[in-house]
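The values are calculated or read from the model by the stated rules, or taken from the named source; none is laboratory data. In this text, all values refer to a predicted model and were calculated from it rather than measured experimentally. So basically every Cβ, Gly included, is an ideal-geometry build from the backbone, and we count neighbours across all protein chains shown.
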Amino acid sequence: MLEIKSYGNVTRFDLARTLLGRGRYWTAAYAVDGMLVDTGCAHTARELARATQGTPLTCIVNTHSHEDHIGANGLLQHQRQGLEILAHPLALPELANPCSTQSLHPYRRVFWGWPEPSQSKPISDGAMIETEHHRFQVIFTPGHSPDHLCLYEPTQGWLFTGDLFVGGQERALRADYDIWQIIASLKRMAALPATMLFPGSARVRENPAQELAEKIAYLEELGERVLELDRQGRRVGDIVRSLCGGPMLVELLTLGHLSRRGLVLAYLRSPLHTGLQPETVR
């Protein structure tokens, strides 16, 4: 399933596999001035290729190597000779051979599928990607994944955040996310004078400063509460129930891969924090 919406010179493609007549777990790709930011999942690769058939493309930039953001890389590169794919250096092995480097849980195979291999080139933190009319600054933003990056166009104030910022207040997290790095990366984005925020899923934000500040405040406050309860000797399960509420459907769908416990443990285990020292996890 594919939906298209324009925001001035930026075209957004919302992509999701159709299950039981509805799109499930949407992700977004963006076309701007010959550049494609992310390519959705493998299940929607052909839809995206058809939708961009008349759009000149000079490069793809992947915000990170998760399967729901690189799914059409291989197909587009095969169809368009010379199409460059740019990504964080750590993402290159994943893009070259997703099937051998990514261990996909069952829900990820169902919703997003295995991406085809693609050949990519590394980009560095602070590098500028030049299109015909714009210059995009590359900003490394680890946390959601070690190879995550954002793109910022200073003249327009456009900020492409991948999955660093998707809105809402998290009650669950994957075990491999680093929550303190996420907060640090969000702070780096909040320091930019952005006027429009284009996330990897959820709606486009037209007031990035306020939205980023609210997200940071929520995550930091939640972290302080987690660590305070930990210092009081509360067990992880007690902290989960106290701060994250009751069981969530997403925990069942992902077989616990995305969970409330994962969120609490991220605060307790991560070495990058704001001087608050977690006690031994129980």
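Computed values, structure above
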{"item": "Residue in region 230-247 that is closer than 19 Å to GLY143 by Cβ and acidic (Asp, Glu) present", "result": "no"}
{"item": "Odd one out for ILE4, checked against (1) over 14 Å from the mean Cα position of the chain (by Cα); (2) over 24 Å from LEU258 (Cα atoms); (3) surrounded by 15 or more Cβ atoms within 10 Å (Cβ to Cβ); (4) hydrophobic (A, V, I, L, M, F, W, C)", "result": "(3)"}
{"item": "Qualifying positions in region 144-167 - assigned to a loop (DSSP other than H, G, I, E, B) and of a type outside the set (D, E, K, R)", "result": "HIS144, SER145, PRO146, HIS148, PRO154, THR155, GLN156, GLY157, LEU164, PHE165, VAL166, GLY167"}
{"item": "Complete set of residues in region 109-137 that are aliphatic (A, V, I, L, M) and farther than 21 Å from ASP68 by Cβ", "result": "ALA127, MET128, ILE129"}
{"item": "When residues of region 96-108 are limited to those that are among the small types (Gly, Ala, Ser) and either crowded, with 17+ Cβ neighbours inside 10 Å or modelled with pLDDT under 80 (or both), the one nearest to LEU19 (Cα to Cα)", "result": "SER103"}
{"item": "Residues satisfying the stated conditions in region 1-23, i.e. of a type in the set (A, V, I, L, M) and either in a strand (DSSP E or B) or without any contact (Cβ under 8 Å) to a residue 24 or more places away in the chain (or both)", "result": "LEU2, ILE4, VAL10, LEU15, ALA16, LEU19, LEU20"}
{"item": "In region 7-56, residue surrounded by the fewest Cβ atoms within 10 Å (Cβ to Cβ) [restricted to those that are among the β-branched types (Val, Ile, Thr) and under 16 Å from LEU83 (Cβ atoms)]", "result": "THR55"}
{"item": "Residues satisfying the stated conditions in region 109-158, i.e. crowded, with 17+ Cβ neighbours inside 10 Å and among the hydroxyl-bearing types (Ser, Thr, Tyr)", "result": "SER118, SER120, THR141, SER145, TYR152"}
{"item": "Filter result (part of a loop (DSSP other than H, G, I, E, B), touching a helix residue (DSSP H, G or I) at 6+ places or on another chain (Cβ under 8 Å) and either buried (at least 20 other Cβ atoms within 10 Å of the Cβ) or at pLDDT below 95 (or both)) within region 173-204", "result": "ALA175, TYR177, ASP178, ALA194"}
{"item": "Given (1) part of a loop (DSSP other than H, G, I, E, B); (2) in contact with a strand residue (DSSP E or B) (Cβ under 8 Å, 6 or more places away or on another chain), number of the condition GLU170 does not satisfy", "result": "(2)"}
{"item": "Output for region 205-252, where each listed residue is in contact (Cβ under 8 Å) with a residue 60 or more places away in the chain and surrounded by fewer than 17 Cβ atoms within 10 Å (Cβ to Cβ)", "result": "GLY245, MET248, VAL250"}
{"item": "Some residue of region 22-35 being touching a Cys at 6+ places or on another chain (Cβ under 6 Å) and modelled with pLDDT of 95 or more", "result": "yes"}
{"item": "Residue that is farthest from THR161 (Cα to Cα), among those in region 205-233 that are in contact with an Asp or Glu (Cβ under 7 Å, 6 or more places away or on another chain) and part of a helix (DSSP H, G or I)", "result": "ARG231"}
{"item": "Scope region 49-71; condition aliphatic (A, V, I, L, M), in contact (Cβ under 8 Å) with a residue 40 or more places away in the chain and over 23 Å from MET128 (Cα atoms); matching residues", "result": "ALA51"}
{"item": "Checking LEU197 against (1) in contact (Cβ under 8 Å) with a residue 40 or more places away in the chain; (2) within 23 Å of HIS69 (Cβ to Cβ); (3) not hydroxyl-bearing (Ser, Thr, Tyr), the condition it does not meet", "result": "(1)"}
